[in-house]
Amino acid sequence: MERDRIIRECKKAFEDVVEDFHSLDCIKSHFEVWRREYADCYRDAYIGLCLPKLFNPLVRLQLMTWNPLEAQCANFEYMLWFESLLFYGFEENSVLQRGDGDISLLPSIVEKVILSKLTEKVWDPLSNSQTARLVGFIRRLMKSYPTVLHGENRYTQELLKMIVFRIRRTLDEDVFLPLYPKNVLENKNGGPYLFYQRQFWSCVKLLGNILQWEGILSGSCLRDLALDSTLNRYILSALQTTDTGEDNVPKCQKVVECLPVQWFSGLKGQKTLPQLEPFCRYLNHLASSFHRGSLGGSDLERRSAKDLIKEVVKMLGQMNALDHIITVAAEHGIKDIKPLLEAKS
């Protein structure tokens, strides 16, 4: 396999190197001696600034097959290179000075090697597992290396640009929701219906994966990707071209479940986010369709329709669309909306 061949070739990289410099540990030990015995010379030569550039290729070699998108990927902080460099320059009973350049050795390697490798990896936004692993890994880096992962860092910016680019490319090239005539979808065992369902839920899955980046991508960027480019462009268009049956309720519920609750906690007044207004209007239309469909029906059918309308009200409440709740409740005789509003708050 190609992976095995790469591993074998990596092991040969230092075959023709003299013993004193044939590994990261050997090279590191020479600089530690220099630092310990000739401290002034070491400091005047700005070795602390040079070490990341020296060690980066050696670390890259050890990370050649490392891929955080894979299930069994090793934690880089448990790897030999990390443990070797973790206490570089540390001496018992000594105190590192704030201005000591060696303090930033590992953060610099994380910045220039780890972030660069993340940027190089081909992440599939349609994959739940890859998205969860990548998001989780970046969140851990944000917590452990706050001086590296921030908006002003060039390597962080390149990583975030890659993430946005991959999402946009997936939306443009990999998402396809066929807009069949309603009569074509009447046969729920037919190929068009089954294909439409598969594509629809794939798009909802993508929406959920995009929204996992909450707190990493900026709010405006994330809302553009998730709401404007996914929900309104694909999902809502698909919902509007199908019959407004009760099958659409769980679909809409799944969409609402994907939305970050923190988007609505700080909203003032009775309105939801502007990008969610089209979806809320669709829910309003869905409630009206349930009501019209129950007119002249049995008591059971009317109760069933009212229960579906209440589910619509709950979804509107989760999105802080109180103006739409008031409209739906008034039009369809839903009197017990207070518990729904209290549950929302």
**Complete:** Within the stretch 139-161, the residues that are in contact with a Leu (Cβ under 8 Å, 6 or more places away or on another chain) and closer than 30 Å to ARG198 by Cα are LEU160
**Message:** Any residue at all in the stretch 323-335 that's surrounded by 14 or more Cβ atoms within 10 Å (Cβ to Cβ) and touching a strand residue (DSSP E or B) at 6+ places or on another chain (Cβ under 9 Å)?
**Reply:** no
**Asked** Looking at the stretch 127-139, is at least one residue farther than 30 Å from TRP201 by Cβ and either surrounded by 15 or more Cβ atoms within 10 Å (Cβ to Cβ) or not assigned by TED's automatic domain parsing to the domain that holds LEU171 (or both)?
**Response** no
**Request:** Give the residues of the stretch 32-55 that are modelled with pLDDT of 90 or more and buried (at least 16 other Cβ atoms within 10 Å of the Cβ), sorted by residue number.
**Result:** LEU51, PRO52, PHE55
**Request:** Select from the stretch 19-75 the residues that are out of contact with any helix residue (DSSP H, G or I) (no Cβ under 7 Å at 6 or more places or on another chain) and of a type in the set (Asp, Glu) and write down the one among them that is nearest to LEU85 (Cα to Cα).
**Result:** GLU32
**Asked** Just one of SER116, SER108, SER104, SER94 is part of a helix (DSSP H, G or I) and either out of contact with any helix residue (DSSP H, G or I) (no Cβ under 9 Å at 6 or more places or on another chain) or at pLDDT below 90 (or both); which is it?
**Response** SER104
**Request:** Would you check which residues across the stretch 32-58 are among the aliphatic types (A, V, I, L, M) and touching a residue at least 24 places away in the same chain (Cβ under 8 Å) and list them?
**Result:** ILE47, LEU49, LEU51, LEU54, LEU58
**Item:** So ARG281, is it outside the structural domain of LEU227 (by TED's automatic domain parsing), at pLDDT 95 or above, part of a helix (DSSP H, G or I) and among the basic types (Lys, Arg)
**Value:** yes
**Request:** Select from the stretch 160-185 the residues that are in a loop (DSSP other than H, G, I, E, B) and out of contact with any Phe, Trp or Tyr (no Cβ under 8 Å at 6 or more places or on another chain) and write down the one among them that is farthest from SER127 (Cα to Cα).
**Result:** PRO181
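The values are calculated or read from the model by the stated rules, or taken from the named source; none is laboratory data. No experiment lies behind these values; they were computed from the predicted model shown. FYI the Cβ positions are ideal-geometry reconstructions off the backbone, even for glycines, and counts take in every protein chain you see.
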